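The values are calculated or read from the model by the stated rules, or taken from the named source; none is laboratory data. Just so we're clear, the structure is a prediction, and the values are computed from it rather than from any experiment. Neighbour counts run over all protein chains shown; Cβ positions are idealised from the backbone, glycine included.
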Amino acid sequence: MRRATGFLIIAALTLFIASMLTGALWLSPAQFWAALWHTGDPVHSMIIWHIRLPRTLLAFFIGAGLGASGAALQGYLRNPLADPGIVGISASASLGAVAALYFGLAAHYFWALPLAAMGGAGLAALVLIRLARDDTPVTHVILGGVALSSLAVSLTALLMNLSPNPWALSEIAYWLMGSVADRGFSDLGFAVPLILVGITLLWRSGPALDALGLGEDTARTLGVSPGKAGRLVVLGTLCCVGAGVAVSGAIGFVGLAAPHLVRPFFGAMPGRLILPSALAGGCLLLLADIVVRLLSGPGTMLYLGVVTALLGAPFFLYLIWTQRRVWV
Amino acid sequence: MSVLRFDHAYVALRDHPVLHDVSLALTPGLTGLIGPNGSGKSTLIRAAAGLLPLQKGAVFIQENDLTALTLRARADTISYLPQNGPVHWPLRVDELVALGCTHLGKSKTEIDEMVAETLDACAIAGFAARSVNTLSGGERQRVLLARALVANTPVLLADEPTAALDPWQQHQIMGLLANVAAKGKAVLCAVHDLPLAARYCRRLVLLDGGKITDDGAPKTVLAGKAACNAYGLRISAKGHVDEKGLPEARAHD
């Protein structure tokens, strides 16, 4: 387990450096080092400090939030297919952001889009918290989440349908594809503290998630309140996913795949998977963002959400195929 | 002093009354809870574990009202082994057993020692590193029982722990429960197999239609009129069905 943790940390650091070197203008490690300390070409320093550092940190932290949320939700819902999308928080955050774009608020106020996304996610979380009581079976929380997700997706489609012009429609469509390009320290300052709070809440739910693996009745007799665990998971997911969607748009598959990636090395205990899944999620999104930059060129801008789905789906299929024995 | 006490307890599930005016005092030893299907055995055990609210009456644990105790305080006193308890993840046996005592706030070394002792006591130390999904039904049930025993609580509630097991495994499980009870714990175990109950239990409580209709030494309860009425069968003191004495219909039908 220590070796796997060490591997994840080294992978994160390697990808961090690779992300700082990769882009339209490739930098050598020496140029990167000089740029970092403002001793080299000022253009390089500007690229590193104003473009690549916020982008890289955002990709890592958003991925970490998605990975931790996925692990916690899989543990809480006792379902290895769960991800932040299943409880409707991602779709509701997207709806909030799309509404800010549709009504033109995002063009006038910088904070309108992230706050609307967090508001959408918060509304969904409120409904889920009301559902996640001690006397409510977890299936009701899943069903409530599916209903919320469907409602949010259909309302998003309605707003796109009613778009006043093709430019507004394309703005919404591109935003929904997800990206961390052209984000700055203000985005970082908004998202990272929320994601860190979210990961802490999810991590705190770990012991309860472990006990819930033996069923709600047994968990209660072990001193665990399933309702409290549910509220912690929903609030943690709200912070992680809401903040992530608010600054990057919708990004799928990371929350689903990250726990499966680390489960063979850290065991099946859900609480123990939260922090490794956060690291793995951060690495996955950093890797996907590097691929985005490698494949994008003049006139061909790839979006992060597209790449995570394109890479994630076959990779996830491969994981499931090779990990069949983990489930026995 | 009783460890667990029901005081005129009524439980209804979706307005359907399941337990009526149940009063029962549980003392250390293995107490078997018998009765036909639907008589309220699982409901009584779940109510004792604090998993079902009472409509009337009260449950006392070591003379403290159960509803006044926090979940953590209940966990320190009662262990619960559900019928067909689910295990949602392919956990290692030692990890699963450790879940039974992590709430005690002990160090990892102490938890490891408690787990190792319990695995030994349940004769499953050889499975410690195996995934629970690879075990047979009987092995799995012993692992789940070990999980319920590891916290060393004064009360153990076991809901049909021998259901769907072969006779050898049934005797293994009942033997384990009897050993635990002999060490001073109060064990309440719902059981369908009457010869098994007669062999291992110190006391039997008969539930019929949500009421306690008999309570006492196994041979007295099993050979009594209340058991005959409850099951619609004449039963010997050792729990075997007397085929010559089959009544035409259940007395309470």
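Details
- Search result, residues across the range A:197-218 that are among the aliphatic types (A, V, I, L, M) and within 16 Å of B:Leu145 (Cα to Cα): A:Ala211, A:Leu214
- Residue that is nearest to A:Ile89 (Cα to Cα) [pool: residues in the range A:221-246 that are away from chain B (no Cβ under 14 Å) and more than 12 Å from the chain's Cα centre (by Cα)]: A:Val234
- Test: A:Ala59 is part of a helix (DSSP H, G or I) and over 30 Å from A:Thr22 (Cα atoms): no
Conditions tested, residue by residue: (1) at pLDDT 90 or above; (2) within 14 Å of chain A (Cβ to nearest Cβ); (3) part of a helix (DSSP H, G or I).
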position: B:Ala148; (1), (2), (3): yes, yes, yes
position: B:Leu156; (1), (2), (3): yes, yes, no
position: B:Met174; (1), (2), (3): yes, no, yes
position: B:Val187; (1), (2), (3): yes, no, no
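- Test: residue in the range B:9-24 that is under 15 Å from the mean Cα position of the chain (by Cα), farther than 25 Å from A:Leu77 by Cα and surrounded by fewer than 21 Cβ atoms within 10 Å (Cβ to Cβ): yes
- Among the numbered conditions (1) part of a helix (DSSP H, G or I); (2) buried (at least 17 other Cβ atoms within 10 Å of the Cβ); (3) at pLDDT below 90, the only one that A:Leu148 does not meet is (3).
- Filtering the range B:129-144 to residues that are of a type in the set (Val, Ile, Thr) and either facing another protein chain (nearest Cβ under 10 Å) or not in a helix (DSSP H, G or I) (or both) leaves B:Val132, B:Thr134.
- Qualifying residue in the range B:79-101 (condition: over 15 Å from the mean Cα position of the chain (by Cα), among the charged types (D, E, K, R), at the interface with another protein chain (Cβ under 9 Å from one of its Cβ atoms) and farther than 30 Å from A:Pro264 by Cβ): no
- Which numbered condition A:Leu273 fails, given (1) among the aliphatic types (A, V, I, L, M); (2) away from chain B (no Cβ under 14 Å); (3) within 18 Å of the chain's Cα centre (by Cα): (2)
- Long-range neighbours under 7 Å by Cβ, at least six apart or interchain, first residue over 21 Å from A:Ala258 (Cα atoms) within the range A:1-30, second among the polar types (S, T, N, Q): A:Met20/A:Thr56
- Scope the range B:105-124; condition in a helix (DSSP H, G or I) and either hydroxyl-bearing (Ser, Thr, Tyr) or facing another protein chain (nearest Cβ under 9 Å) (or both); matching residues: B:Thr109, B:Thr118
- Failed item in (1) surrounded by fewer than 20 Cβ atoms within 10 Å (Cβ to Cβ); (2) away from chain B (no Cβ under 14 Å), with A:Gly267 passing the rest: (2)
Conditions tested, residue by residue: (1) under 24 Å from A:Pro259 (Cα atoms); (2) modelled with pLDDT of 90 or more; (3) among the aliphatic types (A, V, I, L, M).
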| site | (1), (2), (3) |
| --- | --- |
| A:Ala116 | no, yes, yes |
| A:Gly120 | no, yes, no |
| A:His140 | yes, no, no |
| A:Thr156 | no, yes, no |
| A:Ser179 | yes, no, no |
| A:Leu194 | yes, yes, yes |
| A:Val197 | yes, yes, yes |
| A:Asp210 | yes, yes, no |
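- Residue within the range A:55-74 that is surrounded by fewer than 21 Cβ atoms within 10 Å (Cβ to Cβ), under 23 Å from the mean Cα position of the chain (by Cα) and touching a residue at least 40 places away in the same chain (Cβ under 8 Å) present: no
- Candidate set: the range A:185-220, residues that are crowded, with 20+ Cβ neighbours inside 10 Å and outside any helix (DSSP H, G or I); chosen: the one farthest from the other protein chains (Cβ to nearest Cβ): A:Ser205
- Enumeration of residues in the range A:168-177 that are at pLDDT 85 or above and more than 17 Å from A:Val241 (Cα to Cα): A:Leu169, A:Ser170, A:Glu171, A:Ile172, A:Ala173, A:Tyr174
- Matching option when the condition is within 14 Å of chain B (Cβ to nearest Cβ), more than 15 Å from the chain's Cα centre (by Cα) and modelled with pLDDT of 90 or more, among A:Val262, A:Val292, A:Val328: A:Val262
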